[in-house]
1. Whether any residue in segment 64-79 is in contact (Cβ under 8 Å) with a residue 60 or more places away in the chain, closer than 28 Å to Pro171 by Cβ and in a helix (DSSP H, G or I) is what I want to check.
2. Would you pick out the residues in segment 98-115 that are surrounded by fewer than 21 Cβ atoms within 10 Å (Cβ to Cβ) and either assigned to a strand (DSSP E or B) or touching a residue at least 24 places away in the same chain (Cβ under 8 Å) (or both)?
3. Can you tell me which residue in segment 31-75 is farthest from the chain's Cα centre (by Cα), limited to those that are among the β-branched types (Val, Ile, Thr) and modelled with pLDDT under 95?
4. For residues that are hydroxyl-bearing (Ser, Thr, Tyr) and surrounded by fewer than 18 Cβ atoms within 10 Å (Cβ to Cβ), scanning just segment 81-93, find the one that is nearest to Arg180 (Cα to Cα).
5. Examine segment 121-133 for a residue that is of a type in the set (Lys, Arg) and more than 24 Å from Val193 (Cα to Cα), and state whether such a residue exists.
6. Just the residues that are buried (at least 17 other Cβ atoms within 10 Å of the Cβ) and under 17 Å from Asp165 (Cα atoms), please, taken from segment 62-80.
7. Take Gly196 and tell me if it is surrounded by fewer than 23 Cβ atoms within 10 Å (Cβ to Cβ), modelled with pLDDT under 95 and under 25 Å from Asp44 (Cβ atoms).
Amino acid sequence: MFGHCGLVRPGMRRCAGGFTLVELMITIIVAFVLVALALPSFRDLIMSNHVTEATNGLLTDLNLARSEAVHRGTLVALVNTNGASSNNWSNGWSVVADSVFKNDGTFVDPADAVLHVAPGVDTASNYSISSKATVAAIGGGITPTDGVVIFTAQGNMVPKATSFDFNVCRPDSQPAKSKRITLVTSGMMTTTVGTGSSPAPGC
């Protein structure tokens, strides 16, 4: 650091401080090193926040479908934008009520009420959501598919659905840091970190 002194008025001197070029370069290099060290943690935080946001959005709409099924006394479903047979939910979903009481689990009648539409996740950045419906081998009624989660007027999933799993995946393909949503026949939902044991397609 250097100093420069100049006359302010007769009999008085004022000194101004400053940095040398070498000190300035060292400061810049240290700043770059600190940024480089912090960048991976910052990226990891951003990915975690995106996964948490997507998981919470999915849970909110699952709870909406369940509560509306009880309120309306009819089947209400979370329907995959990619189709009833698709296990890829990355492009979004809709909450749809069986307003005409067909009770066939299709949700394609023009009179069926669309209660909410969600856009999904940022597929351009390689975030993804996958699913798997586990179906009972015996029993009648509606057969669940990977692209539709159906709730009854009692707040349960349809009887043949023994469980339904979602994997909300990070773009860096780290199952241990991705999130899993599991539904059971009663309609209860749990969220866990890590998708390694999920029956849905892996992250």
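The values are calculated or read from the model by the stated rules, or taken from the named source; none is laboratory data. Being a predicted model, the structure only gives us computed values, none of them experimental. A quick note on method: Cβ atoms are made from the backbone with ideal geometry, for glycine too, and the neighbour counts reach across all protein chains shown.
1. Yes, because at least one residue in segment 64-79 is in contact (Cβ under 8 Å) with a residue 60 or more places away in the chain, closer than 28 Å to Pro171 by Cβ and in a helix (DSSP H, G or I).
2. Residues satisfying the conditions are Ser99, Phe101, Asn103, Asp104, Gly105, Ala113, Val114, Leu115.
3. Val33
4. It comes out as Ser86.
5. no
6. Leu62, Ala65, Arg66, Ala77, Leu78, Val79, Asn80, listed by residue number.
7. Yes: the conditions hold for Gly196.
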